[in-house]
Amino acid sequence: MLPKSPASPIPGVLIVQWTKFVMIMARHPKNYTSPRGRRGMFGADMRGLVDVGFAQDPRKVIVGGETGVWDADFKAPLTKEKFLASGPAQYAAFSKSMTKLLPHALPHVGTKIDGTSCTLSGLLGAGHHAGAAGLASWVKDPSVRKKFSRTTDAFHLANGVF
């Protein structure tokens, strides 16, 4: 009897494809915190961490003169320090986030963006930054893609993996 092999959280995606995608999306050290409060290897924002059950009580705050930055409280026993120290916790949050984003990304697979056909991995990469609500406008509007260049960069890095 062999131990159960790891599997992708996205149905139909091979583990080697998922692993490549994860490696592309993990763009920071695990203890990373951006000026706008994105945290960890995957640059998770607090609104996203609320959506996947890692945090609660979301609110917008002012950070360094920037208004509208999401903040929240980590759910016990998790703390900011524990999250930033734990690769497995960050991976679990990222995996849950991608699973929740799936129904928002699937309708756009095959859409042409600047002559490039969107794949699921590219859309999940963009959605990681844009969120479920922002993904549709990012796909449809070239000015949104230009304005949110990091989202567009994530799309191009991840597109074509699966």
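Condition test on Ser34, is it under 15 Å from the mean Cα position of the chain (by Cα) and modelled with pLDDT under 95?
In short, yes.
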Output for the stretch 103-149, where each listed residue is within 17 Å of the chain's Cα centre (by Cα) and of a type in the set (D, E, K, R): Arg145
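Residue by residue, here is whether (1) over 19 Å from the mean Cα position of the chain (by Cα); (2) touching a residue at least 12 places away in the same chain (Cβ under 8 Å) holds:
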{"site": "Glu66", "(1), (2)": "yes, yes"}
{"site": "Trp70", "(1), (2)": "no, yes"}
{"site": "Thr79", "(1), (2)": "yes, no"}
{"site": "Phe83", "(1), (2)": "no, yes"}
{"site": "Gly87", "(1), (2)": "no, yes"}
{"site": "Ala93", "(1), (2)": "no, yes"}
{"site": "Ser97", "(1), (2)": "no, yes"}
{"site": "Leu101", "(1), (2)": "no, yes"}
Residue within the stretch 119-139 that is of a type in the set (Ser, Thr, Tyr), at pLDDT 95 or above and not in a helix (DSSP H, G or I) present: yes
Counted residues, the stretch 27-69 - those being open to solvent by 80 Å² or more (accessible area, probe 1.4 Å), under 15 Å from Tyr91 (Cα atoms) and among the hydrophobic types (A, V, I, L, M, F, W, C): 0
Any hit, the stretch 110-119, residues being closer than 19 Å to Met25 by Cα, out of contact with any Ser or Thr (no Cβ under 6 Å at 6 or more places or on another chain) and either aliphatic (A, V, I, L, M) or open to solvent by 50 Å² or more (accessible area, probe 1.4 Å) (or both): no
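The values are calculated or read from the model by the stated rules, or taken from the named source; none is laboratory data. Values in this document were obtained by computation on a predicted structure and should not be read as measured data. Neighbour counts run over all protein chains shown; Cβ positions are idealised from the backbone, glycine included. SASA here: full protein model, heavy atoms, side chains in, ligands and nucleic acids out. Shrake-Rupley method; radii C 1.70, N 1.55, O 1.52, S 1.80 Å.
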